[in-house]
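Chemist: This is the structure I want to talk about, given as structure tokens.
The values are calculated or read from the model by the stated rules, or taken from the named source; none is laboratory data. Just so it is clear, the model here is predicted, and its values are computed rather than measured. Neighbour counts are summed over all protein chains in view; Cβ atoms, including those assigned to glycine, are modelled from backbone coordinates with ideal geometry.
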Amino acid sequence: MTDPKQRITEAEAIEQAKQGHEAAFETLYHLHKRRVYSLCLRMVSNPAQAEDLAQEAFLQLFRKIGTFRGESAFSTWLHRMTVNVVLMQLRKKGLPVVSLEETLESEDEAPRKEFGTQDAKLTSSIDRLQLQRAIDRLPPGYRTVFVLHDVEGFEHNEIAQIVGCSIGNSKSQLHKARLKLRDFLKFMRAEKAKTG
Amino acid sequence: MVVLQQARIDYTTTVLTVVLVTCLSAASLAETKKEYSYTVGPKANISVETQYGAISVKPGSGNQVLVTATFKSDNVEVDQQQNGNRIEIASHLLRGKDAQTGHIDYELLIPPDATINLRSCSGPLSVERLQGDLTLEGTDAVVDIRNVENGHVHVRTMRGPVTLTDVRNGHVEIDSISGEIHLKAVTGPLVQARSGSGKIFYDGDFGSDGNYKFTTHTGDIEALVPADVSAAFRAHSVLGRVRHDFPLQPRHSRFREEAGRSFMGTSGLATSEVLLRSFSGKIRLKQR
Amino acid sequence: MTCSEVERVLPELVDGGSDSAFPADFESHLKSCPACSDLVSDLKLIASEARNLAESEEPAPRVWVRIAAQLREEGLIRDADTRPVLVPASPQRRWTSTAWWLAPVAAAVLAAGAYVVSHKPVPQVATHVSAPAVTTPVPQNSAPKSPDNAAKPPVGASTAQPVRATHPPAPAPKSAKPPDVVASAAPPIAEPEASPEDQQFLSVVSTRAPSLRATYENQLQRVNANIREVQAYLDRYPGDLDARQQLMDAYQQKALLYQIALDRIQ
């Protein structure tokens, strides 16, 4: 939070929520709902599931709000809780949270084929909707690291701690995710050009 | 020494007093049974109402209705009358009654084709192996109906759970504010179950080319069906999650599907229609 | 530096689209290799554009509705309860007096529900559902998340106004909410008073069957809460036919409760 007035407002809402005031809970919800929901949606690519996960993240937060002492930013606390809720769900479903493969994979994974050839590069801006769709197409492991790092701003050491991998693996997965996204975006652009 | 003797006397007096009170209490709560017998024609109509107490109904022989009332105290009486083919039995509570002293349990043996109307606050209510129409109502009563064929079944409870097992070929309508509803091998031309916050659980094949409607507000709905079920399904929860665990054939309908909140499709020849609706409960269709 | 060497060090270098300086040989390779240069440029673009997705999605209002309901159920929402004290139970009487008025009341409850359900405007759902009062900016590029959501109200619309039922009967006998201290929060909303029928109902139950009063009161609160919940949802999505049917079902549940009580106390 950068706005002092807003920071004070959130602090007051937290104190009121500890007393059980519904309006205070609702204020906190509205202040953070977009971040929480967007994170869930990016990670699971399913709106109904994302709603359930967002709901669970807020509920877990509100249940523990009595223990919040302001030692860290509220949003950071909520953010971490949301990530944990989502990762727990992915693990429960048996989906890979992140691949354990640290080395570059086989040829058909490409980046290798990108080098030495000159494809048209992405223009100076990317259609956000296309980027969303491309992220939805990523394998779950790649998607997790990409969303946590590039979308949500976690550092590699934080990601490594959260998902239980090495920093090197996190960087490697991120790189592969970006390469795949690049491929998807170019493909979508080419398709769009064909259909006019 | 004198003090010790006095203490011993006091102890003995106390024990004797306790024993005496216990015996008197037991006497006042001693069960008494009364039997009532009626002769009826085909399709008799029998009503039993008690505020506190169980009512159990089973098939008897011939054209006799045999009622056994078990009294827990003499603070309650049985009002009973017969008008032709109609029998009415009701517990009549006297002053100072409560759930303990106002308690009468009824056991009935009736012709299988008789129509039965039962009402009890506390219950339980149980009916088995009949073929007439059944109407059961209980506030907190546990309702259990099994092996009933051809008759219409109507059940209403406030909180009492309702269980139907092997009920076939009649209309079934169950309403509960918050009781759970369990339906096992229940089929018929119309099977309708509604609960506000109670769960509805169905284990069967949705057979008989019937119309099945299960509705809750917050309660979950779960249906367990065989692989060869023949039904057209539509499920929708306004706020809850909806899923099915086996493939359904797409179904053309004016209703829109919403991933995670509704599904529709057919299985087999789709001879039955199944509608599962909830406001915020989860809905799940599973294969046995 | 060769292309394959660039490929090897890229994961370490391209991070967050930052302008952190690359090694000199890396830079000079990029200057001479359009393919690698385009690749690096694309990867940085993807990373920087991804940041814009962080708060791009708006959850449907139903998420808050569900959270609030759960918080209430768990007792985490603890607003002051100042329900009016009902008529105290008079000395016990036999259960033979009639409460003849309950039957028409039950019918009236059902009729009221049917009237409310049938007289709500039903705008076309796909494109003309008007969003409730918007108090946060709608994202420019908001769009339905999938074709399945096309029928739902626009996901970009948002409101800070809490969901409340506004249609009778909605008798949750609670006090008005405490005034908000948060500038951006919702205005205070008063919970509706218990309807006269519900108060009379509980009064009669207190008199005729005091031992069951708590049970009936609890069930009445449940059914009223259900009605309020669906009504609040329909206020936002009046075109939702399933929700409309659910509202009818909720009123029928209330009528059922009245009928069960009528059967008990007659």
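Chemist: Among residues belonging to the range B:32-61 that are small (G, A, S) and at pLDDT 90 or above, point out the one that is farthest from B:R119 (Cα to Cα).
Modeler: For the range B:32-61, the residue satisfying everything is B:G41.
Chemist: Contact list please: Cβ distance under 8 Å, first residue in the range B:125-137 and farther than 14 Å from B:T165 by Cα and outside any strand (DSSP E or B), second residue among the polar types (S, T, N, Q) and modelled with pLDDT of 95 or more, pairs at least six apart or on different chains.
Modeler: Matching pairs, first to second residue: B:G132/B:T115; B:D133/B:T115.
Chemist: While we're here: Restricting to the range B:193-219, name every residue that is away from chain C (no Cβ under 14 Å) and farther than 12 Å from B:H182 by Cβ.
Modeler: B:D205, B:F206, B:G207, B:S208, B:D209, B:G210, B:N211, B:Y212
Chemist: Determine whether B:E173 is more than 19 Å from B:F214 (Cβ to Cβ), in a strand (DSSP E or B) and of a type in the set (D, E, K, R).
Modeler: Numbers: more than 19 Å from B:F214 (Cβ to Cβ): no; in a strand (DSSP E or B): yes; of a type in the set (D, E, K, R): yes.
No; evaluated as a whole, the condition is false for this residue.
Chemist: Scan the range A:155-171 and tell me whether some residue there is polar (S, T, N, Q), closer than 24 Å to C:E57 by Cα and either away from every other protein chain (no Cβ under 11 Å) or touching a residue at least 24 places away in the same chain (Cβ under 8 Å) (or both).
Modeler: Within the range A:155-171 (the criterion being polar (S, T, N, Q), closer than 24 Å to C:E57 by Cα and either away from every other protein chain (no Cβ under 11 Å) or touching a residue at least 24 places away in the same chain (Cβ under 8 Å) (or both)), the answer is no, since none of the residues qualifies.
Chemist: On to the next question. Would the range A:38-45 turn up any residue that is in contact with a Phe, Trp or Tyr (Cβ under 8 Å, 6 or more places away or on another chain), in a helix (DSSP H, G or I), modelled with pLDDT of 85 or more and buried (at least 19 other Cβ atoms within 10 Å of the Cβ)?
Modeler: The answer is no; no qualifying residue exists.
Chemist: Still on this structure: Does C:D249 count as facing chain B (nearest Cβ under 9 Å) and without any contact (Cβ under 8 Å) to a residue 40 or more places away in the chain?
Modeler: Criteria met by C:D249.
Chemist: Considering only residues that are of a type in the set (K, R) and outside any loop (DSSP other than H, G, I, E, B), look in the range B:206-247 and name the one that is nearest to C:Y237 (Cα to Cα).
Modeler: B:R234
For (1) farther than 19 Å from B:D140 by Cβ; (2) at pLDDT 85 or above; (3) in a helix (DSSP H, G or I), each residue gets a yes or a no:
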{"position": "C:A157", "(1), (2), (3)": "yes, no, no"}
{"position": "C:S184", "(1), (2), (3)": "yes, no, no"}
{"position": "C:I227", "(1), (2), (3)": "yes, yes, yes"}
{"position": "C:M248", "(1), (2), (3)": "yes, yes, yes"}
{"position": "C:I260", "(1), (2), (3)": "no, no, yes"}
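Chemist: Exactly one of (1) crowded, with 21+ Cβ neighbours inside 10 Å; (2) away from every other protein chain (no Cβ under 13 Å); (3) at pLDDT below 65 is unmet by C:F201. Its number?
Modeler: For C:F201, the exception is condition (3).
Chemist: Please tell me if A:P111 is touching a His at 6+ places or on another chain (Cβ under 9 Å), modelled with pLDDT under 90 and more than 14 Å from chain B (Cβ to nearest Cβ).
Modeler: yes
Chemist: How about the range C:1-29: which of its residues are hydrophobic (A, V, I, L, M, F, W, C) and modelled with pLDDT under 80?
Modeler: C:L13, C:V14, C:A21, C:F22
Listed here are the residues, each with its yes/no results for (1) out of contact with any strand residue (DSSP E or B) (no Cβ under 9 Å at 6 or more places or on another chain); (2) assigned to a strand (DSSP E or B); (3) among the small types (G, A, S).
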position: B:S47; (1), (2), (3): no, yes, yes
position: B:S56; (1), (2), (3): no, yes, yes
position: B:V67; (1), (2), (3): no, yes, no
position: B:L109; (1), (2), (3): no, yes, no
position: B:S122; (1), (2), (3): no, no, yes
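Chemist: Being touching a strand residue (DSSP E or B) at 6+ places or on another chain (Cβ under 7 Å), modelled with pLDDT under 85 and either assigned to a helix (DSSP H, G or I) or surrounded by fewer than 19 Cβ atoms within 10 Å (Cβ to Cβ) (or both): is that true of C:P238 here?
Modeler: So C:P238 fails the test.
Chemist: Taking the stated definitions as given, is A:Q16 surrounded by fewer than 23 Cβ atoms within 10 Å (Cβ to Cβ) and either modelled with pLDDT under 90 or out of contact with any Asp or Glu (no Cβ under 6 Å at 6 or more places or on another chain) (or both)?
Modeler: So A:Q16 fits the description; yes.
Chemist: Kindly provide the set of residues from the range B:266-283 that are within 27 Å of C:M248 (Cα to Cα), away from chain A (no Cβ under 14 Å) and surrounded by fewer than 20 Cβ atoms within 10 Å (Cβ to Cβ), ordered by number.
Modeler: Passing the criteria: B:E273, B:L275.
Chemist: Where residues in the range C:207-228 are more than 7 Å from chain B (Cβ to nearest Cβ) and under 18 Å from the mean Cα position of the chain (by Cα), which of them is surrounded by the most Cβ atoms within 10 Å (Cβ to Cβ)?
Modeler: C:I227
Chemist: Do we find that B:S197 is touching a His at 6+ places or on another chain (Cβ under 8 Å) and within 23 Å of C:V223 (Cβ to Cβ) in this structure?
Modeler: Details: touching a His at 6+ places or on another chain (Cβ under 8 Å): yes; within 23 Å of C:V223 (Cβ to Cβ): yes.
It is true that B:S197 is touching a His at 6+ places or on another chain (Cβ under 8 Å) and within 23 Å of C:V223 (Cβ to Cβ).
Chemist: Does the range A:136-154 hold any residues that are of a type in the set (V, I, T) and either in contact with a Phe, Trp or Tyr (Cβ under 6 Å, 6 or more places away or on another chain) or more than 9 Å from every other protein chain (Cβ to nearest Cβ) (or both), and which are they? If you could, list the steps in order and put the result at the bottom.
Modeler: Going residue by residue through the range A:136-154, those that are of a type in the set (V, I, T) are A:144-145, A:147, A:151.
A:T144, A:V145, listed by residue number.
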